[in-house]
Amino acid sequence: MTQIVLCLVTFLLAAFQGETQHTYWNYAMFIWSFSPLLTLIITVIEMFGLHLLLQLCFDWDDFTTGVAMSSSLTTSSVFVMYANFYVCPKCLYSIAIAILALLVAVVFVLVVVKDKVLDKKTGSYLAALPGFWKVLEAFVSCVIFISLTGYDATPALIMCIVAYVIPFPIIPVVIITNIFKKIQNCLPFSVDRFSFVFLVISVVLYAGAAIIWPIYTFRGNPRPSDCPGSYCVWAIQFMVAFMTYVNLILFMLDLVFTLLGICGFKRS
């Protein structure tokens, strides 16, 4: 319940602050509202013993631990973004919100530590490395999407955006089919082979974007002298380039681990 209370207090204080409707701000508000809602749903399900029925369909402990890991990742990123973009030495109200955001992230991290270290929950997919790796790929994709601002609509950059969009909706499909194992028996194709093809396509798309985006965004466009430390269009465009390389590395390692069948990844 601590996560729920802290998230709601942080959300309300941030809402009363009345900041600009930038995509980073909207992302923070979404995480501070969605994370406690998901925690509340899990709490209610366990309170009424409904998880005993859900265990017939999937690994409940793996799901709850995986949700806690995902929430710790997103709330930590929100703290970093908020402190980076909205905190200044004289902004006492924003500093208070940033401190609360940090506490929210710490509480979710402590839940993960409890599940992994104290309760020794290993996880079958979502709370294990293969599933959480997919969550990381989806998370980095979300950071790219909320950073897509201030670009000229040239065909080359539109191609990059298409490259970012194509893999994104497939990641939840892969995650869901691996959580609900019984779904795999109903599909007319192999999920493992589908995941392998998806990874190959994702690596090719992100490799192209990793080349095209920096060339067409930063060629003849050096960092402006009046650009603050982090908050300007150029810096946000650089964030897109950086996260493109991060996701390219994640997809490449995912592909290598899948080919070799190591670290818990299924060999296709």
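The values are calculated or read from the model by the stated rules, or taken from the named source; none is laboratory data. Nothing here was measured: the structure is a model prediction, and the numbers come from that model. In this analysis, Cβ positions are derived from the backbone assuming ideal geometry, glycine residues included, and neighbour counts consider all displayed protein chains. Just the protein is used for accessible areas: all its heavy atoms, side chains included, with ligands, DNA and RNA removed. Shrake-Rupley method; radii C 1.70, N 1.55, O 1.52, S 1.80 Å.
Points to keep in mind about this one:
- Just one of the listed residues (183, 212) is farther than 20 Å from residue 143 by Cβ, over 21 Å from the mean Cα position of the chain (by Cα) and not hydroxyl-bearing (Ser, Thr, Tyr), namely 183.
- Any hit, the range 86-94, residues being within 23 Å of residue 55 (Cβ to Cβ) and in contact (Cβ under 8 Å) with a residue 12 or more places away in the chain: no
- Test set (1) over 25 Å from residue 54 (Cβ atoms); (2) out of contact with any Pro (no Cβ under 7 Å at 6 or more places or on another chain); (3) surrounded by 13 or more Cβ atoms within 10 Å (Cβ to Cβ) - residue 195 fails condition number: (1)
- In the range 59-87, the residues that are of a type in the set (S, T, N, Q) and over 16 Å from the mean Cα position of the chain (by Cα): 64, 84
- Of the residues making up the range 6-27, not a single one is open to solvent by less than 40 Å² (accessible area, probe 1.4 Å), assigned to a helix (DSSP H, G or I), free of Cβ contacts under 8 Å to residues at least 40 places away in the same chain and of a type in the set (A, V, I, L, M).
- Failed criterion for residue 42 (all others in (1) among the β-branched types (Val, Ile, Thr); (2) within 21 Å of residue 176 (Cα to Cα); (3) within 16 Å of the chain's Cα centre (by Cα) hold): (3)
- Considering 177, 217, 122, the condition of being among the β-branched types (Val, Ile, Thr) and in a loop (DSSP other than H, G, I, E, B) is satisfied by 122 alone.
- Only one of the listed residues (168, 198, 189, 251) is under 26 Å from residue 63 (Cα atoms) and modelled with pLDDT under 75. That residue is 189.
- Residues that are open to solvent by less than 60 Å² (accessible area, probe 1.4 Å), without any contact (Cβ under 8 Å) to a residue 12 or more places away in the chain and hydrophobic (A, V, I, L, M, F, W, C), drawn from the range 167-191: 187
- In the range 226-248, the residues that are open to solvent by 60 Å² or more (accessible area, probe 1.4 Å) and either at pLDDT 90 or above or on the phi > 0 side of the Ramachandran plot (or both): 242, 245
- Of all residues in the range 42-92, those being outside any helix (DSSP H, G or I), on the phi < 0 side of the Ramachandran plot and open to solvent by less than 30 Å² (accessible area, probe 1.4 Å) number 1.
- Only residues that are closer than 23 Å to residue 11 by Cα and either aromatic (Phe, Trp, Tyr) or surrounded by fewer than 19 Cβ atoms within 10 Å (Cβ to Cβ) (or both) were counted across the range 108-139, and they come to 4.
- Taken together, the residues in the range 64-105 that are within 27 Å of residue 41 (Cβ to Cβ) and touching a His at 6+ places or on another chain (Cβ under 9 Å) amount to 1.
- Taking (1) surrounded by 18 or more Cβ atoms within 10 Å (Cβ to Cβ); (2) part of a loop (DSSP other than H, G, I, E, B) in turn, residue 97 satisfies each apart from (2).
- Qualifying residue in the range 151-165 (condition: farther than 18 Å from residue 136 by Cβ, open to solvent by 80 Å² or more (accessible area, probe 1.4 Å) and among the polar types (S, T, N, Q)): no
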